[in-house]
Amino acid sequence: MHTTNSKTTPIVDPPTQPAVMKPTMDQSPPAYTVSAAQPTAPPGQEDILKRQEELERKAAELQRREQQMHATQYNTRVNNWPPVPSFCPVKPCFYQDFSVDIPLEFQRTVKIGYFIWIIYVALLILNVIVSLAYFIGGNTGAKGITFGVSILFLVLWTPLSFICWYRPMYKAFRSDSSFNFFLFFFIFAAQFLCTIVQAIGVDEWGSSGFLNGISMISGTSDQTANASMKTVGAMMIIMGCLWVFLAVAIAWYLKKVHSLYRQTGASFQKAQQEFAQGVATNPTVQTAAKDAGRAAAAGAADAAVSGAMSSVSSQNNRM
């Protein structure tokens, strides 16, 4: 103890143990809850967002096509179909680009039509091969005529089918042309009937099908069908089945295009207007009309001059 004056102050020893803090209970933060200031999305907002994204995608596609069309206005589009090598003397005759010419919602439909045309050409080639086997395996003139006509069909129908029904379908979807739609429907329906006839397989009609295939298997009255004849007959029946498959595809595609045609707002009156406008603006028709007008005017002038001369001569005779 320490003594100062009259007051005694005790000496306190410092603590020898460290300070220990009392443990506290850990409390996890409260779970996140949506407050009143954060409302939930309405049920139909997701559909609206999806539609908005679809519209933005279509707008971007439309803008891209417009830019490409503006770019091609100053540059002549080079024909790219049929795709032939550069050294070939025959050059492409048409321009075809689905992504540029055809609207996005119709591109798949137009491509299906293009594939149907390719299948038709492939069947024409296969028909020539089967008809050749039919000609080799038989001994009558009808088989030779069938083979010759099949070659003629391959040479004629390949370009004509492309020009007469595929190109009108392509241009119909490209420019929403009612006239080209009607032209496609008429010729494509005729194509369906021709395919049915080819599937039947009448001799001398240029196609291998069911009738001449069955006759090849069964044999004629003066000979019995051997193994090679039965093989050729089976090939011809298979060919007939392929023609039937193509006819079904044509009927389905015709119905599909017709349903899309009804949605586009096209009509027969619009087709008539397009035809009349096309005839009126056709340079060849305009030139022919000008020539006809000049000829008519010249004829009228000659008639007037001859009439005047005849009247003058008659007056002179009277005098």
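A short reminder: the numbers here are calculations on the coordinates, not readings from a lab. What you see is a predicted model; the values in this text were computed from it and never measured. All Cβ positions, even for glycine, are placed from backbone atoms using ideal geometry, and neighbour counts span all protein chains on display.
Quick one: Cα convex hull volume of the range 103-274, Å³ per residue?
Hull volume over Cα atoms, normalised by residue count, gives 100 Å³.
Taking the number of other C-beta atoms within 10 Å as the exposure measure, put W252, W165, W117 in order starting with the fewest.
Details: W252 12, W165 24, W117 18.
Ordered from fewest to most neighbouring Cβ atoms within 10 Å, W252, W165, W117 come out as W252, W117, W165.
Most exposed first by the Cβ proxy, i.e. fewest other Cβ within 10 Å, how do F245, F135 rank?
Fewest-to-most ranking of F245, F135: F245, F135.
Assign one of three labels to the range 127-166, namely rounded, prolate or oblate, based on the Cα gyration tensor with a ≥ b ≥ c the square roots of its eigenvalues; rounded applies when a/c is under 1.5, prolate when it is not and a/b is larger than b/c, and oblate otherwise. Let's see the in-between values first.
Working: a/c = 5.04, a/b = 3.04, b/c = 1.66.
Prolate shape, in that a/c is at least 1.5 and a/b is the bigger ratio.
Please order S207, S228 by the number of other Cβ within 10 Å, starting at the fewest.
Listed from fewest to most nearby Cβ atoms, that is S228, S207.
For a quick check: with amide H placed at 1.01 Å from N, whose amide H comes under 5 Å from F94's, ignoring anything fewer than 5 positions away on the same chain?
N80, W81
Is there a pair in K171/K255; K91/K255; K50/K255 whose C-alpha atoms are over 23 Å apart, and which pairs would that be?
In this structure, K91/K255; K50/K255 exceed 23 Å between Cα atoms.
Order of 106-113, 121-128, 229-236 by packing, highest average Cβ count within 10 Å first?
In descending order of packing, they fall as 229-236, 121-128, 106-113.
So if I place +1 on the C-beta of Lys and Arg and -1 on the C-beta of Asp and Glu, and nothing else carries charge, what would the dipole magnitude of the range 103-274 be about its Cα centre? I want it in debye, nearest 20.
Here the range 103-274 has a charge dipole of around 580 debye.
Would you work out which of W243, L104, W205 lies farthest towards the positive end of the dipole of the range 103-274, given +1 charges on the beta-carbon of Lys and Arg and -1 on that of Asp and Glu, about the Cα centre?
Most positive-ward Cα: L104.
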